[in-house]
Amino acid sequence: MAEAQNTPAGSTTAGSIAVAAESTVATRMSAPPSFDVADFPVPHGREEEWRFTPLERLRGLHDGTAVANGGGVKVAIEAPEGVTVETVGRDDSRLGKAGTPVDRVAAQAYSSFEQASVVTVAKEAVLTEPIRIAVHGEGGVAYGHQLIELGAFAEAVVVIDHTGDAVLAANVDYVLGDGAKLTVVSVQDWDDTAVHVGQHNALIGRDASFKSIVVTLGGDLVRLHPRVAYAATGGEAELFGLYFTDKGQHQEHRLLVDHNTPHCKSNAVYKGALQGDGAHAVWIGDVLIQAAAEGTDTYEMNRNLVLTDGARVDSVPNLEIETGEIVGAGHASATGRFDDEQLFYLQSRGIPAEEARRLVVRGFFAELVQQIGLPDLEARLIEKIETELKASV
Amino acid sequence: MATLEIRDLHVTVEADNATKEILKGVDLTVKQGETHAIMGPNGSGKSTLAYSLAGHPKYTVTGGTVTLDGEDVLEMSVDERARAGLFLAMQYPVEIPGVSVSNFLRTSATAIRGEAPKLRTWVKEVKETMAGLQMDPAFAERNVNEGFSGGEKKRHEILQLELLKPKIAVLDETDSGLDVDALKTVSEGVNRVRESGEVGTLLITHYTRILKYIKPDFVHVFANGRIAASGGAELADQLENEGYEAYTKGGPVSGGNSGGAAA
Ligand SMILES: Nc1ncnc2c1ncn2[C@@H]1O[C@H](COP(=O)(O)OP(=O)(O)OP(=O)(O)O)[C@@H](O)[C@H]1O
Ligand SMILES: [Mg+2]
């Protein structure tokens, strides 16, 4: 099922489907999940979960030297009626239920934040306007935590918009009640100096649907862990992502879908375009189908489009199946490049060079941008991508 | 009437740190409404001629001129040449990830025509042209050339030819890799464009097979980077029977020895 096309030199597109009695995803990690940063050794860089990440660019988030200095980020939340927005302390019992930190930086965030934002959508409330959470970097170091909880049969769209400059480690929990529907768009539109690391945990209730669209455009280093688990049967998760990795940027997305419950679905589609020297995108897609998860239906795909020389992609889909009683399971990964021959072909049909590049990138991302469903945000992201395209070619 | 004039064209390519001259003085005039067949052995420089006309960056023109209606083609960028009315159906069309055929065709038609075609008539035009080439409408939603078979790629090239209606069309081995049925279908597409009388066609081929369906007005033998002989359709029959040997043996053929096979 894995395919690799025109893989540029220096890139890897690996894939595996393992049929195992026990998952190796957990045993590959250097420590079991924990809320306490002390349970994780300081990484040296050769660990499976850190081997693609330039630790020296984490600005101390991984070794305890990054100290929050109050000037990290400003969070502003705009919510329509029917939504409760609270700022709570560390001891709030609702926090940390959707998932446990799986690496040292996520645990550092959990051990270090002082206040958390809790956004609650009442049972059966169907919002017609999105909840907008603006996280603006003010240049300092910050640790954060957010919880977004939907009551049974509630429906909401949440946009988390990251801009400015910061060194930020923050986790987000999404808890979906039975039959709830949540769409989350997390935009990483950081300045090119920002560092952002975080774990997003979704816990999906019975027959609930979760759709996440992760859009990473900025930052010096962005490393996110979108993770999904199911609280009961019938849940559905769609994980979409797009990234535009520029010169010198490191953008890493590490997905995990834990099919721990029967009759749930998941579909992951991540696409990235890369351009410029030292652009590095990493995509890890771990999907576990546990022995109990009969009737699972899952598919995951990662595609990368390399626009110039000097960019590197590491794409590793990994599917582990512990039961054969499933509806479907598959994965695909492909890295293609946009090269001079392609440019020549388009130009030979009358299309000017700049438009040719735009055509290729726009077309490549179209299906994902459409998933957002918010015209103002879609337009902003397309414009941003086109500006970046012009900037460094 | 549109005229493409190629005069004493010399072209080199960089290969293995050495500069290699491939075209060694090509002279050819193609007028709107005419069909010229260029036939020659492998490696004689036919594709190099086609790419050089289209402006491929790998080929360096070291001498000679190319004009289209008196305008200097060699001064134009690749896309300018296309907008001026040159079209190249490629021997090996390129796959473009991320761009659907329908999006590509529309962007291209917009660039060539100078304005976006009206959506309703455009969709119909594309559908009908695809049907004429026996292309499944599903191709419109696939990425350009991605996963196309050899024959499907060639149909897609001719689809573009029909939609873009150039003044001068260079078809580089459009016949290779096609079975007889596909060859017929593709030739019909080329003939639809020719019937307008508004296109000059330069048909590059290795075999005479396609000339049964697309009748040339002139046949040129290409050998060692230049035109070694020119004649009418009967020259193709002669090549069919005797091969290219007479033109390739005995070192470089002297310029302008028209009818060299008899020598
Ligand atoms: N980009 C290139 N790099 C190096 N050598 C090239 C390049 N393009 C052409 N050549 C060389 O130039 C010569 C002519 O090649 P060309 O492709 O023009 O021949 P052709 O007549 O089209 O052959 P065929 O019938 O096989 O298509 C060959 O020796 C080829 O190896
Ligand atoms: Mg050739």
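Apart from one condition, B:Gly85 fits all of (1) at pLDDT 95 or above; (2) within 21 Å of B:Val144 (Cα to Cα); the exception is (2). Any residue that is at pLDDT 95 or above, closer than 27 Å to B:Leu28 by Cβ and among the basic types (Lys, Arg) - is there at least one of those in the stretch B:161-176? Yes, that holds for at least one residue. Confirm whether B:Thr129 is under 22 Å from B:Thr12 (Cα atoms) and touching a residue at least 12 places away in the same chain (Cβ under 8 Å). Here the answer is no, as B:Thr129 does not meet what is asked.
Of all residues in the stretch B:140-163, those satisfying the criterion of being open to solvent by 20 Å² or more (accessible area, probe 1.4 Å) and either within 14 Å of another protein chain (Cβ to nearest Cβ) or in contact (Cβ under 8 Å) with a residue 12 or more places away in the chain (or both) are B:Glu141, B:Arg142, B:Asn143, B:Glu146, B:Gly147, B:Gly150, B:Glu152, B:Lys153, B:Arg155, B:Glu162.
Please return the ranges of helices (runs of 4 or more DSSP H) entirely within the stretch B:36-113 where 1 or more residues are within 13 Å of ligand 1 (Cβ to nearest atom), basic (Lys, Arg) and touching a residue at least 24 places away in the same chain (Cβ under 8 Å). In the stretch B:36-113, B:46-54 are the helices (runs of 4 or more DSSP H) which contain 1 or more residues that are within 13 Å of ligand 1 (Cβ to nearest atom), basic (Lys, Arg) and touching a residue at least 24 places away in the same chain (Cβ under 8 Å). The residues of the stretch A:332-386 that are in a strand (DSSP E or B) and of a type in the set (Gly, Ala, Ser), listed by number, are A:Ala332, A:Ser333, A:Ala334, A:Gly336. Could you say whether any residue in the stretch A:310-323 is more than 30 Å from A:Ala152 (Cα to Cα), more than 14 Å from chain B (Cβ to nearest Cβ) and out of contact with any strand residue (DSSP E or B) (no Cβ under 7 Å at 6 or more places or on another chain)? Within the stretch A:310-323, one or more residues are more than 30 Å from A:Ala152 (Cα to Cα), more than 14 Å from chain B (Cβ to nearest Cβ) and out of contact with any strand residue (DSSP E or B) (no Cβ under 7 Å at 6 or more places or on another chain). Taking (1) open to solvent by 50 Å² or more (accessible area, probe 1.4 Å); (2) within 8 Å of another protein chain (Cβ to nearest Cβ) in turn, B:Ile96 satisfies each apart from (1). Looking at the stretch A:351-371, can you tell me whether even one residue there is among the charged types (D, E, K, R), farther than 30 Å from B:Gln160 by Cα and either facing chain B (nearest Cβ under 8 Å) or open to solvent by 10 Å² or more (accessible area, probe 1.4 Å) (or both)? Taking every residue of the stretch A:351-371 in turn, none turns out to be among the charged types (D, E, K, R), farther than 30 Å from B:Gln160 by Cα and either facing chain B (nearest Cβ under 8 Å) or open to solvent by 10 Å² or more (accessible area, probe 1.4 Å) (or both). Among the residues of the stretch A:44-60, is there at least one that is free of Cβ contacts under 8 Å to residues at least 24 places away in the same chain, not in a loop (DSSP other than H, G, I, E, B) and not polar (S, T, N, Q)? Yes - at least one qualifying residue is present in the stretch A:44-60. Taking the stretch B:103-119 as the region of interest, how many residues are modelled with pLDDT of 95 or more and more than 7 Å from every other protein chain (Cβ to nearest Cβ)? The total comes to 11. The set of residues from the stretch B:191-210 being within 16 Å of ligand 1 (Cβ to nearest atom) and within 14 Å of the chain's Cα centre (by Cα) comprises B:Leu202, B:Leu203, B:Ile204, B:Thr205, B:His206, B:Ile210. All of (1) within 16 Å of ligand 2 (Cβ to nearest atom); (2) within 14 Å of chain A (Cβ to nearest Cβ); (3) of a type in the set (A, V, I, L, M, F, W, C) hold for B:Ile38 with one exception: (2).
Candidates in the stretch B:41-54 are the residues that are within 22 Å of B:Lys167 (Cα to Cα) and open to solvent by 20 Å² or more (accessible area, probe 1.4 Å); of these, the one that is nearest to the other protein chains (Cβ to nearest Cβ) is B:Tyr51.
Among the residues of the stretch A:226-259, those that are open to solvent by less than 10 Å² (accessible area, probe 1.4 Å), in a strand (DSSP E or B) and not hydrophobic (A, V, I, L, M, F, W, C) comprise A:Pro226, A:Tyr230, A:Gly241, A:Tyr243, A:Thr245, A:His250, A:Gln251, A:Glu252, A:His253, A:His259. Of all residues in the stretch A:308-339, those satisfying the criterion of being of a type in the set (D, E, K, R), open to solvent by 10 Å² or more (accessible area, probe 1.4 Å) and farther than 20 Å from A:Leu368 by Cα are A:Asp309, A:Arg312, A:Glu322, A:Glu325, A:Asp339. The set of residues in the stretch B:210-232 being in contact with a Lys or Arg (Cβ under 8 Å, 6 or more places away or on another chain), in contact (Cβ under 8 Å) with a residue 40 or more places away in the chain and not basic (Lys, Arg) consists of B:Ile214, B:Phe222, B:Asn224, B:Gly225.
Just checking, does the stretch A:296-305 include any residue being over 25 Å from the mean Cα position of the chain (by Cα), away from chain B (no Cβ under 14 Å) and over 30 Å from B:Gly114 (Cβ atoms)? Scanning the stretch A:296-305 turns up no residue that is over 25 Å from the mean Cα position of the chain (by Cα), away from chain B (no Cβ under 14 Å) and over 30 Å from B:Gly114 (Cβ atoms). Is it the case that some residue within the stretch A:340-350 is open to solvent by less than 10 Å² (accessible area, probe 1.4 Å), within 17 Å of A:Ile213 (Cα to Cα) and either modelled with pLDDT of 90 or more or more than 18 Å from the chain's Cα centre (by Cα) (or both)? Taking every residue of the stretch A:340-350 in turn, none turns out to be open to solvent by less than 10 Å² (accessible area, probe 1.4 Å), within 17 Å of A:Ile213 (Cα to Cα) and either modelled with pLDDT of 90 or more or more than 18 Å from the chain's Cα centre (by Cα) (or both). Counting only strands (runs of 3 or more DSSP E) that sit wholly inside the stretch A:107-219, those with at least 1 residues that are under 21 Å from A:Phe240 (Cβ atoms) and either charged (D, E, K, R) or modelled with pLDDT under 95 (or both) are A:131-150, A:155-176, A:181-188, A:209-216.
Tell me, please, whether a residue that is β-branched (Val, Ile, Thr), touching a residue at least 60 places away in the same chain (Cβ under 8 Å), open to solvent by 20 Å² or more (accessible area, probe 1.4 Å) and within 16 Å of ligand 2 (Cβ to nearest atom) can be found in the stretch B:10-24. So far as the stretch B:10-24 goes, yes, one or more of its residues are β-branched (Val, Ile, Thr), touching a residue at least 60 places away in the same chain (Cβ under 8 Å), open to solvent by 20 Å² or more (accessible area, probe 1.4 Å) and within 16 Å of ligand 2 (Cβ to nearest atom).
In the stretch B:210-240, the residue that is nearest to ligand 2 (Cβ to nearest atom) out of those that are under 21 Å from B:Leu161 (Cα atoms) and not aromatic (Phe, Trp, Tyr) is B:Ile210. Pairs linking a residue in the stretch B:191-209 that is at negative phi to a residue that is within 16 Å of ligand 1 (Cβ to nearest atom) and of a type in the set (Ser, Thr, Tyr), with Cβ atoms under 9 Å and 6 or more positions apart or on different chains, are B:Leu203/B:Thr174; B:Ile204/B:Ser47; B:Ile204/B:Thr174; B:Thr205/B:Thr174; B:Thr205/B:Ser176; B:His206/B:Ser176; B:Tyr207/B:Ser176.
For the stretch B:55-64, residues that are more than 13 Å from every other protein chain (Cβ to nearest Cβ) and either more than 24 Å from A:Asp339 (Cβ to Cβ) or not hydroxyl-bearing (Ser, Thr, Tyr) (or both) total 4.
Looking for whichever is open to solvent by 30 Å² or more (accessible area, probe 1.4 Å), more than 16 Å from ligand 2 (Cβ to nearest atom) and within 13 Å of chain A (Cβ to nearest Cβ) here; the options are B:Glu71, B:Glu80, B:Glu75. Which one fits?
B:Glu80
Applying the set (1) buried (at least 17 other Cβ atoms within 10 Å of the Cβ); (2) under 20 Å from A:Ala202 (Cβ atoms) to A:Val126 leaves exactly one unmet item: (1).
The values are calculated or read from the model by the stated rules, or taken from the named source; none is laboratory data. Because the structure is a prediction, the values reported are computed rather than measured. Cβ coordinates were reconstructed from backbone atoms using ideal geometry, including for glycine residues, and neighbour counts include every protein chain displayed. Just so you know, the surface numbers come from the protein's heavy atoms only, side chains and all, with ligands and any DNA or RNA stripped out. Shrake-Rupley method; radii C 1.70, N 1.55, O 1.52, S 1.80 Å.
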